[in-house]
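Read the structure below first, then the notes.
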Amino acid sequence: MSLDTTARLLITCPDKPGIVAAVTNFLFSHGANINALDQHSTDPEGGTFFMRLEFQTPHLDVTSEALKDAFARTVAERFGMDWRMNHAGKPKRMAVLVSRHEHCLLELLWRFARGELHCEVTDVISNHPVHREQVESFGVPYHYVPVQKDGKDEAEARIVEILDGRVDLVVLARYMQILSPAFVDRFAGRIINIHHSFLPAFVGADPYRQAYEKGVKIIGATAHYVTADLDQGPIIEQDVTRVTHRQNVTDLRDLGRDLERQVLARAVRWHLEDRVIVHGNKTVVF
């Protein structure tokens, strides 16, 4: 099914009878053919209702903008909806920030090159100069923005200058710098980070050593949206693998890299495909 003729509708609202009927009847009345629909309610009596819906657009009787206007007036206002309607064929613009470890970055670039991530990778930005050749081999611009101990504000301002107005998503692929609240606010809801632990365990620096010292039997990775609170944002995806007393910190890091790559790639793909709805400090992933 072609993305060029597909639109997506995501909805959050108070749960009450008639929501599904109102949405589907509205789309049917304007010539849309629904090909996928997922929904969830936190509680049928007074809970919150979530819906993700895909529909085909070739036979719409109005323009996309007119459809949005009509939906806002006749359905969304009636049910108090927080909603968005996107054209699936338009690729989102994604930038990647990375430090020295390149495994997550290369996983994203490889999947992008294979067409597994429907997006445009606009830029890769790093506080290390070492990845330029690899990144540019994918046809992606590379920006080296060093971060000095007493010059973090200047470095962040340069990153904002590169990204502002040009990206829909910023991915922190093991970018080991703490972003300011102002930066996070500027790109709120559009920054995904990979943390190399099974959050909420082992927040902050060197989680594999923390895990080793605690003698854990599983290690994990977590992809989450970034908020001003370090490693506390809404979780999109997690995975774990078992470890034993025989493995040292280096072994844990080696195992963890595989988890980090896969978890981040899945989270990014779900975001690009409009599968994630943030609700408070949680996510609903369809």
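Quick notes
- In terms of packing, defined here as the mean over residues of other Cβ atoms within 10 angstrom, the peptides 24-31, 217-224, 96-103 line up highest first as 217-224, 96-103, 24-31.
- Förster radius 22 Å - calculated FRET efficiency between D206 and W110 (Cβ-Cβ, nearest 0.05): 0.20
- Label point distance in nm, E213-M176, each placed 7 Å from Cα along Cα→Cβ: 1.6 nm
- Ranked packing of 106-113, 275-282, most packed first, by mean Cβ within 10 Å: 106-113, 275-282
- Amide N proximity, the range 50-70 versus N33 label position 7 Å along Cα-to-Cβ, cut-off under 12 Å: 55-60
- Among beta bridges that DSSP assigns inside the chain, antiparallel share in %, nearest 5: 70 percent
- With R₀ set to 30 Å, the beta-carbon distance separating S2 from N25 gives a calculated FRET efficiency near 0.75.
- With both labels modelled 7 Å from their Cα along Cα-to-Cβ, the H87 to Q134 distance reads 3.6 nm.
- Lys, Arg +1 and Asp, Glu -1 on Cβ, resulting dipole of the range 92-285 about Cα centre, debye, nearest 20: 520 debye
- Spacing of the two label points (7 Å from each Cα toward its C-beta) at T241 and N281, in nm: 3.0 nm
- Set against the labelled values (1) 6, 25, 30, 23, 12, 3, 0; (2) 6, 21, 22, 17, 14, 12, 6, 1, 0; (3) 6, 26, 33, 24, 9, 1, 0, P(r) over Cα pairs in 10 Å bins from 0, in percent computed from this structure falls on (1).
None of the figures in this text is laboratory data; all of them are computed from the coordinates on show. These figures come from a predicted structure and were not determined experimentally. All Cβ positions, glycine included, derive from the backbone under ideal geometry; neighbour counts span all protein chains shown.
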